[in-house]
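The values are calculated or read from the model by the stated rules, or taken from the named source; none is laboratory data. Owing to the predicted nature of the structure, the values given are computational and were not obtained by experimental measurement. Don't worry about glycine lacking a Cβ; one is built from the backbone with ideal geometry, like all the others, and counts go over all protein chains shown.
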Amino acid sequence: MAFGTSCVGCSGPAEPPPGYLGGDAAFFMPPPHEAGVSDGAGEAGDGGGSDADAAAWAGTWKYTSGSQGNLCGGTLAVIATEGVLDITPSASGTLLTVVEDGCHFVFDLAGDVATEEPDQPCAAWAITTIPIWTLTMQPDGTLLEKIGGQVDEGGELCTLSGGATLVRQ
């Protein structure tokens, strides 16, 4: 006796669209960091920002909703986001300086998305380095923050994830 099988949609999950970082609780991998990327002025078609684009980011932004979680040792610790981010664009419009809790971070700006450059610790935080941190300018003028990645805490690999909305003050 022979059995025939048919499977619709068995090719696995569809690839997410470019730039998709998942839902608020999703884990996502960082985009590869390109060596040799400089803060040179953006030219047409190179993905760099412009002075007008960067100006939309400038100012103080307050968290209005969201949370961050740390899954470690089978325990999930979740906290609500609060406080502010102070954002200053570079003269070229391709970088942002983001200040939170007295710590300064550099973000690469490409269109509506700013991505933190790797390995920028903040001694004021319990988890000193966020592996993946993005800010996305929304059509309504708010910012959507996503964090994620894995960190080593005392020899144990822990997973960070979170999402928040910020509004300009």
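Some notes on this structure:
- Test: residue in region 116-130 that is touching an Asp or Glu at 6+ places or on another chain (Cβ under 7 Å), among the charged types (D, E, K, R) and either more than 15 Å from residue 53 (Cα to Cα) or at pLDDT below 95 (or both): yes
- Positions within region 93-145 being within 17 Å of residue 59 (Cα to Cα) and small (Gly, Ala, Ser), in sequence order: 93, 102, 114, 141
- Residues that are part of a loop (DSSP other than H, G, I, E, B) and farther than 17 Å from residue 53 by Cβ do occur in region 138-158, at least one of them.
- Qualifying residues in region 124-137 (those that are assigned to a loop (DSSP other than H, G, I, E, B) and in contact with a strand residue (DSSP E or B) (Cβ under 8 Å, 6 or more places away or on another chain)) - the one surrounded by the fewest Cβ atoms within 10 Å (Cβ to Cβ): 124
- Long-range neighbours under 7 Å by Cβ, at least six apart or interchain, first residue in contact (Cβ under 8 Å) with a residue 24 or more places away in the chain within region 66-81, second acidic (Asp, Glu) and buried (at least 17 other Cβ atoms within 10 Å of the Cβ): 66/145
- Within region 115-123, at least one residue is under 19 Å from residue 161 (Cα atoms) and either hydroxyl-bearing (Ser, Thr, Tyr) or assigned to a strand (DSSP E or B) (or both).
- Test: residue in region 99-107 that is of a type in the set (Val, Ile, Thr), without any contact (Cβ under 8 Å) to a residue 24 or more places away in the chain and under 20 Å from residue 169 (Cβ atoms): yes
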